[in-house]
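First the structure, in the form of structure tokens, and then the observations on it.
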Amino acid sequence: MHDTDFSHEHGELSEADRAEIARYIWSQETVELRTVGIDIGSSTSHLLFAKVVLQRQTQGLSSRFVVIDRQIVWRSPIMLTPFLPDGMIDAQEIGRFIEDAYRAAGLERSEVDSGAVILTGEAIKRKNARAIDELFAEEAGKFVCATAGHKLECLLAAHGSGAVRLSKTRGECLLHVDVGGGTTKLALIDMQSIPAK
């Protein structure tokens, strides 16, 4: 306690002191992040902003942060993924869509701590799929840009839909079906694990 800003005397702590100590501990063990997720798919694309709360979990000699809460702050309308006449992704149109989403949500890029851009389905097969990365080049370190192969996309969909958690809660084997604009993927979930086949 001597390295904190809390002044204390020997004896009983007041309720205000206890509340201040609790706030201090919470601030050291908890991290709140504002994130953005952008999904560019075969036929549609969308974006959402969320607040994610991470808390340190100490086990043995190591500690790690786990997500204890997530709240969607703003969700974009779904747009048709823009393609140019030659079949390439229209990166400029995607850029305008993202700028409009930030504006509509009332957020500046500097207010977002991290994010992920995922290209899925048939969108990853386009020759200029990597051009999407250039939209976020200046924010390197804050963003993860990935092309999700069918396995990763299937895994993300199963977790994102809540099917993995439902399988664990019910203690049952579930089949999750992800029907997209260009592809359909199946995930067999056996009580929180998805076989790597």
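The values are calculated or read from the model by the stated rules, or taken from the named source; none is laboratory data. What you see is a predicted model, and the numbers here were worked out from it, not measured in a lab. Positions of Cβ are backbone-derived with ideal geometry, glycine not excepted, and every protein chain shown enters the neighbour counts.
Just need a number here: residues in region 79-99 that are closer than 12 Å to ILE132 by Cα, touching a helix residue (DSSP H, G or I) at 6+ places or on another chain (Cβ under 8 Å) and β-branched (Val, Ile, Thr).
2
Among the residues of region 176-193, how many are at pLDDT below 65 and either in the same structural domain as THR81 (by TED's automatic domain parsing) or touching a strand residue (DSSP E or B) at 6+ places or on another chain (Cβ under 8 Å) (or both)?
Total satisfying the criteria: 0.
Cβ-Cβ under 6 Å, sequence separation 6+ or interchain: first residue in region 58-83 and under 29 Å from GLU29 (Cα atoms), partner of a type in the set (Gly, Ala, Ser) and modelled with pLDDT of 75 or more. Which pairs?
These pairs meet every condition: ARG70/ALA50; ILE72/ALA50; VAL73/ALA50; TRP74/ALA105.
Out of (1) within 20 Å of the chain's Cα centre (by Cα); (2) exposed (fewer than 10 other Cβ atoms within 10 Å of the Cβ); (3) of a type outside the set (Lys, Arg); (4) modelled with pLDDT under 85, the odd one out for GLN71 is which?
Going through the list (1) within 20 Å of the chain's Cα centre (by Cα); (2) exposed (fewer than 10 other Cβ atoms within 10 Å of the Cβ); (3) of a type outside the set (Lys, Arg); (4) modelled with pLDDT under 85, GLN71 breaks only (4).
Filter region 22-68 for residues that are charged (D, E, K, R) and at pLDDT below 90; which is surrounded by the most Cβ atoms within 10 Å (Cβ to Cβ)?
Among those that are charged (D, E, K, R) and at pLDDT below 90, it is ASP39.
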